[in-house]
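Just below is one structure, and these are the notes that go with it.
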Amino acid sequence: MDHPLLTRIAASDGALPFALLRREGSPDVEVLTGEVVDVDALADIPLDGRPVLSAVPFRQVRERGFAAHDDGAPLRCLVVTESERMPLDAVLELLPDAPAHVDAQGFDVPDEEYAEIVRRVIADEIGRGEGSNFVIKRSFVGHTDAPTVPALLSWFRALLTDESGAYWTFAVGLDDLRMVGATPERHLSVQGDVAMMNPISGTYRHPADGPTHAGALGFLADVKESEELFMVVDEEMKMMSAVCPEGGRILGPYLKQMSRLSHTEYLLEGRTSLDLREALRLTMFAPTVTGSPMQNACAVIARHEPKPRGYYAGVLAFFETSPSGYSLDAPILIRTAYLEDGGRLTVPAGATLVRHSTPEGEVAETHAKASGVLAALGLLPRQASAAALDLNAQPGVADALAARNERLASFWVRPQATDASAAALAGRTALVVDNEDQFTTMLAHQLRHLGLEVRIAPWAEVDSVGDHDLVVFGPGPGDPRDLSDRRIARLRALMLERLRAGAPLLAVCLSHQVLAELAGYELAPLPAPRQGVRLEVDVFGEPAAIGFYNTFGARAPRSLSRSERRETIRPEVELEASVDPDGVVTALRGPGVASIQGHLESVLSSDGYATLLRLVEHALVPAPARV
């Protein structure tokens, strides 16, 4: 059978733009060529009826107002003018048999230096309330003298034959953007009106002689690994709640086995009517390669990564055409090698840093995540994926995966029906103040299911909080005691305005801490951060399983000076507290006031929705205004 396009690509000197794609579940390889177009923003991607493959660099996250080092990496599009599909066997026959030679130079950030970065992030970021998890990357560097196109095709062939479990295996040559990889992770796909995301986290590093049954079960029982996955599910559910008006549902979990490591994953599903480019913008970029909360994670990355990210953690976005319009398939750009002019080769890899992380473990994780691509480059011994033990077929694996859902909120796992209590709250309005944590999108979604008409507004855009039936002061990163932080100072001022008016309010996490401080409670760092932790707590006499993401906590009230009393809520208002066995205030309530330290909207909060209803109903009984 003749395959003229791939033959032309293989014979070219790099001037012919191309992309070769092998997608999960397909027996074929797609071969694409066309016109290369660079655009400034996602909205400028030219969807004029032709398929488009877009390489979206990490710097594009600035479209969301988030921090990123600007390395000038272009948002590059291949507007497809010619394509063919080929059976895998036919492709392998046309590609070079042996990987092009690469001279290894090692990681650009040495092991000892990366371990120190891990220590600093855990102590200075997670330990100070800046977030629950952060992904910090470094890059393995090598050099090749091989011609560009044969080199890319040879490495692509090695990934096709040796790697397993990839969502996409690909080779791309678009002018000076040249990359080859086998990414395990879908970021976002949209078919018709069905949107799906695929958070993957938790890593079982296979032993040198292959994975074992006992090793897999030990990995699935590891608290650090399961909490790491739940954190990124929470973060991607925030995105789903922004993209899908009816929110998203959680499917899974699953075990994704690759040649040298295995991951746990969920699928998230919802319905959207957004322009595909806007849906992609609202989900830049996956927490599995950035961290959470997203906005602060980008700031942490900018502080701790010495070099820009290029395309690492961005996406390849394939906008395909059909009689009904465009669809989108966008995997995350990880497990990828980049070939620069002059033969320099880089393989970025990142580790997810959480409160349980150890520097040694995260150093090892970056080595493991780079290993599949390094093997394809000929820098590590190749492994035949077919010879590995099938972990999903082993006894106990399916049960261990299913047991994880016992801790999740049914609101996000089952179809979401309209709540029977919605009629009682219908017509009431709520303003949700976003303090730079998109948990507010999930919180707003639950409030809408309670019957409220909800608007979300960033803290900096809220001039007054007097015109709604309920104001929900949301969570956010940072030290609640730091009044030099404009966000904290503004939150305090808005909360005082609402309290002094005797108007109903609900405060969550960071805002709960600010409320507690106004009421005279001491705020202090916890002995150990509760980031991504599910706890059984008492909320005013009702037991509740709730997810927590806090580094600070409120403790017993202190005595206040006369001048301090003037800055607190009305002295005549008494707040009742629920206090956990460690002396940390879980919740507060008073006339027209309710607050909670945990995240009722989290997927970890199996009793969150019912607790939210109780607190909202309490808060909506207004307090008398101050005279």
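Charged side chains reduced to their Cβ positions (Lys and Arg at +1, Asp and Glu at -1) give segment 151-192 a dipole of some 80 debye around its Cα centre. Between helix 148-162 and the chain, what is the angle of the helix's C-alpha long axis to the longest principal axis, kept within 0 to 90° and rounded to the nearest 10? For helix 148-162, the angle is close to 70 degrees. The packing ranking of peptides 18-30, 207-219, highest mean first, is 18-30, 207-219, where packing means the average number of other beta carbon atoms within 10 angstrom of each residue. Computed packing ranks the peptides 586-597, 145-156 as 586-597, 145-156, most packed first, by mean other Cβ atoms within 10 Å.
Relative to the longest principal axis of the Cα atoms of the chain, the long axis of helix 294-304 makes an angle of roughly 60 degrees. How many angstrom lie between the Cα centre of segment 294-370 and the Cα centre of segment 236-282? Centre-to-centre (Cα) distance: 17 Å.
Peptides 448-459, 330-341 ranked from most to least packed give 330-341, 448-459, packing being the mean of other C-beta atoms within 10 angstrom over each peptide's residues. Every helix of 4 or more DSSP H residues in the chain counts as -39500 (n - 2.57), and over all residues that averages to -8000 deg cm²/dmol at 222 nm. Against the main long axis of the alpha-carbon atoms of the chain, helix 111-120 sits at an angle near 20°.
Computed over neighbours whose Cβ is under 11 Å from that of ARG303, the net charge equals -3, Lys and Arg +1, Asp and Glu -1. Within segment 409-619, DSSP assigns beta bridges of which about 60% are antiparallel (rounded to the nearest 5).
For the chain, a simple Cβ point-charge model (Lys and Arg +1, Asp and Glu -1, everything else neutral) yields a dipole of about 1440 debye relative to the Cα centre. The relative contact order of the chain comes to 14 percent, based on Cα pairs under 8 Å that sit 6 or more residues apart.
Just so you know, all these numbers are worked out from the coordinates, no wet-lab data involved. Please read these numbers as outputs of a predicted model, since none were measured by experiment. Cβ sites come from the backbone with ideal geometry, for glycine too, and all protein chains shown count toward neighbours.
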